[in-house]
Amino acid sequence: MSTVLNACHCGYTGALAGTQHRGLFYSLTCPECHRSVEAFTLEGLAENWNKPAEPKQVAEEARDV
Ligand SMILES: [Zn+2]
């Protein structure tokens, strides 16, 4: 089972800082913009990481137009 991580929202494509917290959950952090995601499984971690940027921001931008 292999999981592909997308580039960060900031465009960073290098190595990410992955941490396992006492075997309870995992976190992944971008060293460039410090965006971080957490999950209980590596699969969930990749899923969270690959999610597109917050849809809230899109709504706010749309309202400005
Ligand atoms: Zn980033």
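Taken together, the values in this text are just the output of simple stated rules run on the coordinates, not laboratory data. Here the structure is a predicted model, which is why all the values come from computation and not from measurement. A quick note on method: Cβ atoms are made from the backbone with ideal geometry, for glycine too, and the neighbour counts reach across all protein chains shown.
In what sequence do His21, His9 fall when counting other Cβ within 10 Å, fewest first? Please report the intermediate quantities before stating the final value.
Numbers: His21 9, His9 15.
Fewest-to-most ranking of His21, His9: His21, His9.
Taking every Cα-Cα distance in the stretch 1-48 and sorting them into 10 Å bins from zero, the calculated P(r) comes out as 28, 56, 16 percent. If the segment from Thr3 to Gln20 were pulled out straight at 0.36 nm per residue, it would be longer than the present Cα-Cα gap by 4.4 nm.
Summing charges over neighbours of Leu5, with a neighbour being any other residue whose Cβ is under 12 Å away from its Cβ, gives -1 when K and R count +1 and D and E count -1.
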